[in-house]
Amino acid sequence: MEAPLQAPHDRAAEAATGATLITIDSPEAMRELGRALAALLRPGDLVLLTGELGAGKTTLTRGLGEGLGVRGAVTSPTFVIARVHPPLAGGPALVHVDAYRLAGGLDEMEDLDLDVSLPESVVVVEWGDGKVEELSDDRLHVVIARAVGHEEVLDDMRQVSVYGVGARWADAGIEGLAAVAGAATEA
(Lines give C-alpha, C1' and ligand atoms only; values in the text may rest on other atoms or scores of the structure.)
Protein backbone atom coordinates (compact mmCIF):
# COMPACT_ATOMS: atom_id res chain seq x y z
CA MET A 1 0.00 0.00 0.00
CA GLU A 2 1.43 3.37 -1.03
CA ALA A 3 1.60 5.92 1.77
CA PRO A 4 -0.13 9.28 1.35
CA LEU A 5 2.14 12.31 1.16
CA GLN A 6 2.70 15.59 2.88
CA ALA A 7 3.18 17.60 -0.29
CA PRO A 8 4.44 21.20 -0.08
CA HIS A 9 3.82 21.70 -3.79
CA ASP A 10 1.09 21.69 -6.43
CA ARG A 11 0.64 18.01 -7.36
CA ALA A 12 -1.92 18.82 -10.09
CA ALA A 13 0.56 21.04 -11.93
CA GLU A 14 3.22 18.40 -11.44
CA ALA A 15 1.02 15.66 -12.88
CA ALA A 16 0.35 17.81 -15.95
CA THR A 17 4.08 17.90 -16.66
CA GLY A 18 4.49 14.13 -16.69
CA ALA A 19 6.40 13.79 -13.44
CA THR A 20 8.29 10.61 -12.65
CA LEU A 21 7.45 9.39 -9.15
CA ILE A 22 10.03 7.45 -7.15
CA THR A 23 9.68 5.97 -3.67
CA ILE A 24 12.85 6.20 -1.60
CA ASP A 25 13.23 4.18 1.60
CA SER A 26 16.60 5.25 3.02
CA PRO A 27 19.25 7.98 2.92
CA GLU A 28 21.49 5.63 0.88
CA ALA A 29 18.70 5.18 -1.67
CA MET A 30 18.41 8.98 -1.88
CA ARG A 31 22.15 9.21 -2.59
CA GLU A 32 21.79 6.48 -5.21
CA LEU A 33 18.99 8.46 -6.84
CA GLY A 34 21.37 11.44 -6.97
CA ARG A 35 24.08 9.29 -8.58
CA ALA A 36 21.57 8.03 -11.16
CA LEU A 37 20.30 11.54 -11.93
CA ALA A 38 23.90 12.73 -12.38
CA ALA A 39 24.19 10.45 -15.40
CA LEU A 40 21.51 12.56 -17.14
CA LEU A 41 23.04 15.94 -16.32
CA ARG A 42 25.35 18.00 -18.49
CA PRO A 43 26.93 21.45 -18.34
CA GLY A 44 24.27 24.15 -18.34
CA ASP A 45 21.66 22.13 -16.44
CA LEU A 46 19.69 23.80 -13.67
CA VAL A 47 18.19 21.55 -10.98
CA LEU A 48 15.70 22.90 -8.43
CA LEU A 49 15.20 20.92 -5.22
CA THR A 50 12.05 21.36 -3.15
CA GLY A 51 11.17 19.74 0.16
CA GLU A 52 10.79 20.54 3.82
CA LEU A 53 13.72 20.73 6.22
CA GLY A 54 15.29 17.30 6.57
CA ALA A 55 13.58 15.89 3.47
CA GLY A 56 16.86 14.81 1.87
CA LYS A 57 17.78 17.62 -0.53
CA THR A 58 21.44 17.74 0.54
CA THR A 59 21.65 13.94 0.62
CA LEU A 60 20.40 13.86 -2.97
CA THR A 61 22.94 16.55 -3.92
CA ARG A 62 25.71 14.51 -2.27
CA GLY A 63 24.79 11.68 -4.65
CA LEU A 64 24.78 14.10 -7.59
CA GLY A 65 28.29 15.19 -6.63
CA GLU A 66 29.46 11.57 -6.43
CA GLY A 67 27.88 10.81 -9.79
CA LEU A 68 29.41 13.88 -11.43
CA GLY A 69 32.82 13.08 -9.91
CA VAL A 70 33.42 16.41 -8.21
CA ARG A 71 35.98 17.39 -5.59
CA GLY A 72 35.09 18.08 -1.98
CA ALA A 73 32.47 16.83 0.41
CA VAL A 74 29.00 18.01 -0.55
CA THR A 75 27.46 19.56 2.55
CA SER A 76 24.62 21.99 3.09
CA PRO A 77 25.57 25.48 1.90
CA THR A 78 22.96 27.14 4.16
CA PHE A 79 25.35 29.56 5.84
CA VAL A 80 27.61 30.25 2.86
CA ILE A 81 24.69 30.31 0.36
CA ALA A 82 26.72 28.60 -2.43
CA ARG A 83 29.59 26.17 -2.85
CA VAL A 84 31.42 25.27 -6.05
CA HIS A 85 32.73 21.72 -6.38
CA PRO A 86 35.19 21.49 -9.29
CA PRO A 87 35.33 18.28 -11.33
CA LEU A 88 38.03 15.71 -10.61
CA ALA A 89 38.10 14.76 -14.29
CA GLY A 90 36.57 16.15 -17.47
CA GLY A 91 32.98 16.66 -16.29
CA PRO A 92 31.18 19.80 -15.20
CA ALA A 93 31.58 21.54 -11.86
CA LEU A 94 28.72 21.31 -9.37
CA VAL A 95 27.45 24.64 -8.04
CA HIS A 96 25.36 23.89 -4.94
CA VAL A 97 23.16 26.77 -3.76
CA ASP A 98 20.86 27.02 -0.74
CA ALA A 99 18.32 29.79 -1.33
CA TYR A 100 16.49 29.21 1.97
CA ARG A 101 17.60 32.49 3.53
CA LEU A 102 17.24 34.51 0.32
CA ALA A 103 13.86 36.17 0.11
CA GLY A 104 14.53 38.48 -2.84
CA GLY A 105 14.49 35.90 -5.60
CA LEU A 106 16.78 36.25 -8.59
CA ASP A 107 17.57 39.91 -7.82
CA GLU A 108 19.10 38.95 -4.47
CA MET A 109 20.93 36.02 -6.04
CA GLU A 110 22.60 38.13 -8.76
CA ASP A 111 25.68 38.54 -6.58
CA LEU A 112 26.24 34.80 -6.85
CA ASP A 113 26.76 35.08 -10.63
CA LEU A 114 24.80 31.91 -11.25
CA ASP A 115 24.08 33.04 -14.80
CA VAL A 116 27.84 33.09 -15.42
CA SER A 117 28.39 29.66 -13.80
CA LEU A 118 25.45 27.95 -15.47
CA PRO A 119 26.81 27.32 -19.02
CA GLU A 120 29.80 25.25 -17.84
CA SER A 121 28.38 23.82 -14.59
CA VAL A 122 25.48 21.87 -13.18
CA VAL A 123 23.72 24.29 -10.84
CA VAL A 124 21.62 22.75 -8.05
CA VAL A 125 19.46 25.13 -6.02
CA GLU A 126 17.78 23.98 -2.82
CA TRP A 127 14.69 26.07 -1.98
CA GLY A 128 14.90 27.58 -5.48
CA ASP A 129 11.24 27.42 -6.52
CA GLY A 130 9.97 30.90 -7.26
CA LYS A 131 13.48 32.34 -7.05
CA VAL A 132 15.71 31.16 -9.91
CA GLU A 133 13.49 29.85 -12.70
CA GLU A 134 14.49 32.83 -14.86
CA LEU A 135 18.04 31.46 -15.07
CA SER A 136 17.01 28.88 -17.65
CA ASP A 137 14.02 27.91 -19.78
CA ASP A 138 15.16 24.31 -19.29
CA ARG A 139 15.34 22.97 -15.76
CA LEU A 140 14.82 19.83 -13.75
CA HIS A 141 12.56 19.98 -10.71
CA VAL A 142 12.97 17.45 -7.92
CA VAL A 143 10.30 17.55 -5.21
CA ILE A 144 10.82 15.45 -2.09
CA ALA A 145 7.90 14.72 0.23
CA ARG A 146 7.92 12.69 3.41
CA ALA A 147 5.58 9.72 3.37
CA VAL A 148 2.99 9.42 6.10
CA GLY A 149 0.95 6.44 7.11
CA HIS A 150 -1.82 6.15 9.66
CA GLU A 151 -1.13 9.58 11.18
CA GLU A 152 2.61 9.01 11.62
CA VAL A 153 5.54 10.12 9.54
CA LEU A 154 7.45 7.18 8.11
CA ASP A 155 10.99 8.27 9.03
CA ASP A 156 13.06 7.28 6.01
CA MET A 157 10.33 6.97 3.39
CA ARG A 158 10.20 9.71 0.76
CA GLN A 159 8.18 10.19 -2.38
CA VAL A 160 10.33 11.96 -4.97
CA SER A 161 8.76 13.61 -7.96
CA VAL A 162 11.09 14.48 -10.84
CA TYR A 163 9.96 16.49 -13.82
CA GLY A 164 11.61 18.52 -16.51
CA VAL A 165 10.64 21.90 -17.90
CA GLY A 166 11.64 23.03 -21.39
CA ALA A 167 12.96 21.50 -24.59
CA ARG A 168 16.00 19.95 -22.88
CA TRP A 169 13.76 17.57 -20.96
CA ALA A 170 10.95 17.17 -23.50
CA ASP A 171 12.08 13.95 -25.20
CA ALA A 172 15.23 12.08 -24.22
CA GLY A 173 15.24 13.68 -20.78
CA ILE A 174 11.91 12.21 -19.79
CA GLU A 175 12.92 8.75 -21.05
CA GLY A 176 16.08 9.07 -18.99
CA LEU A 177 14.04 10.02 -15.93
CA ALA A 178 11.94 6.88 -16.32
CA ALA A 179 15.14 4.81 -16.43
CA VAL A 180 16.39 6.59 -13.30
CA ALA A 181 13.13 5.78 -11.53
CA GLY A 182 13.55 2.10 -12.39
CA ALA A 183 17.17 2.07 -11.21
CA ALA A 184 16.33 3.91 -7.98
CA THR A 185 13.54 1.54 -7.00
CA GLU A 186 15.77 -1.48 -7.65
CA ALA A 187 18.61 -0.12 -5.47
(request) Would you check if there is a residue in segment 82-100 being out of contact with any Leu (no Cβ under 6 Å at 6 or more places or on another chain), modelled with pLDDT under 70 and not in a strand (DSSP E or B)? (result) no
(request) Scan segment 109-122 and give yes if some residue there is under 19 Å from the mean Cα position of the chain (by Cα), of a type in the set (Ser, Thr, Tyr) and modelled with pLDDT under 85, otherwise no. (result) yes
(message) For segment 56-73, which positions are surrounded by fewer than 23 Cβ atoms within 10 Å (Cβ to Cβ) and part of a loop (DSSP other than H, G, I, E, B)?
(response) 69, 71, 72, 73
(request) Select from segment 1-46 the residues that are open to solvent by less than 80 Å² (accessible area, probe 1.4 Å), acidic (Asp, Glu) and modelled with pLDDT of 90 or more and list them in ascending order. (result) 32, 45
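The values are calculated or read from the model by the stated rules, or taken from the named source; none is laboratory data. Treat the numbers as computed from the prediction; the structure is a model and nothing was measured. With ideal geometry, Cβ positions are generated from the backbone for all residues, glycine too; neighbour counts draw on all protein chains shown. Just the protein is used for accessible areas: all its heavy atoms, side chains included, with ligands, DNA and RNA removed. Shrake-Rupley method; radii C 1.70, N 1.55, O 1.52, S 1.80 Å.
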